[in-house]
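The values are calculated or read from the model by the stated rules, or taken from the named source; none is laboratory data. Predicted model only: the values in this text are computed from it and were never measured. We place every Cβ from the backbone using ideal geometry, glycine too, and count neighbours over all the protein chains shown.
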Amino acid sequence: MNLVSKDISHDFPSSNKIYLNNASVSLMPSQSIDAMKDFLISYNSLGPDSKDSELFIAEKLSNVRKIIAKIISCQPNEIILTQSTTDGINIVANGLSFDNKSNIIIRGMTHEHHSNFYPWIKLKDKISVRSLSIDANGFFELDDLKSNIDENTKLVSLSHALYNTGSILPIQKISKLLNNKIPLFIDSAQTIGCIGDHNVSKLNCNFMSFNGSKWLCGPMGTGLFYCNRKSSELLEPKTIGGESAIIEPDNNLIFKDLPDKFQTGFRNYVGIVGLESSAKYLLNFGMENIRKKNQYLSNLFREELAKIPKIILYGPEDPSQRTSIVSFNIEGLDPQKIVDKLEQKNIILAVREILETKIIRVSPHFFNTDLEILQVIDEIKKL
């Protein structure tokens, strides 16, 4: 399927806005909104707390795990439903066992998203938190990672792609270096649904967290945590409920198997119905086709921006090394004022930061059009 020349904007609720902030929260296809409405009607008709609704919900939970497992090529019981990427990160940060000699390795503290930074920094009074030196695009040298690893390294935690520049880290090379000796956690919030097919076996990660409301076009409040079955033994749940454990006659708690072991208190049923519908919608087009469309749109934006005087572009030049995120500034102009002015013209962008520098972030997705890109470029020229 050639998505590059295909306009699918009619599959989404009509709007007079050009929405290019999908790296934050994406639009939802109309079919997913309808699926959520239908679910709520059926759920209430069955009786929310009844045997019929219990079976109904069990089927919905199973369905969404199956389709997410298909997207990242894992087993459905390795998918834990959460409310956000942050939830999954905290399951790992709070679940690993450390001693006073332990260390973990993260990437470029001030170049990292807060969600994959703060939970690890919270541990610094107990363990050593080692940060890799990075370049302007957020990349680090593999030799630097290798030199920071020792017999007390308990985890390497990295973002698959960066929220500010869109730089994609070479996870397979990194996991090859780790050689199954050190657990690897990946924050994939900026890649699942955006950069093509995923296979957790090829990435060779132990844990992965992402959400449904960015590139998967699902509703807010939907998150996914992948936990490799064998690696689940490394984590002790810090939240416990009736869904996750059983109690023996001597009052000893025994955790259930995956995914129940980490599945406590999840009730966003309408959200996972919307997520399942959106995931099906994306799979219908094919993740690699979506990647090609995203690359086309971002390349077009970068090329047109480069023609404008005083434009400063950030991120890798090589399209294969970045997502569809395009980050830029205009010399002498305040990024927030630019974004505010464009929003007055119904163009939605975002302000983010690279180290201490505020930048403008544009993040098109496969439902955006080249006409929208060119309209935004025209408005930028008028600033």
Inset, instruction - Output the number of residues of the stretch 117-166 satisfying the condition of being assigned to a loop (DSSP other than H, G, I, E, B), within 26 Å of N21 (Cα to Cα) and of a type in the set (F, W, Y). - result: 3
Inset, instruction - Looking for whichever is free of Cβ contacts under 8 Å to residues at least 12 places away in the same chain, of a type in the set (A, V, I, L, M, F, W, C) and in contact with an Asp or Glu (Cβ under 9 Å, 6 or more places away or on another chain) here; the options are A35, A69. Which one fits? - result: A69
Legend entry - Residue list for the stretch 68-79, filter: in contact with a Ser or Thr (Cβ under 9 Å, 6 or more places away or on another chain) and crowded, with 18+ Cβ neighbours inside 10 Å: I72, C74, E78
Legend entry - Unmet requirement for M220, which otherwise passes all of (1) within 15 Å of the chain's Cα centre (by Cα); (2) without any contact (Cβ under 8 Å) to a residue 60 or more places away in the chain: (2)
Inset, instruction - Report whether or not N251 is in the same structural domain as L158 (by TED's automatic domain parsing), at pLDDT below 95 and on the phi > 0 side of the Ramachandran plot. - result: yes
Inset, instruction - Quick one: count up the residues across the stretch 76-116 that are among the polar types (S, T, N, Q), outside any strand (DSSP E or B) and within 24 Å of L275 (Cβ to Cβ). - result: 8
Inset, instruction - Inspect all residues belonging to the stretch 175-186 and state whether any of them is under 12 Å from the mean Cα position of the chain (by Cα), over 30 Å from F39 (Cα atoms) and crowded, with 22+ Cβ neighbours inside 10 Å. - result: yes
Inset, instruction - Look at I186 and say whether it is in a loop (DSSP other than H, G, I, E, B) and touching a strand residue (DSSP E or B) at 6+ places or on another chain (Cβ under 9 Å). - result: no
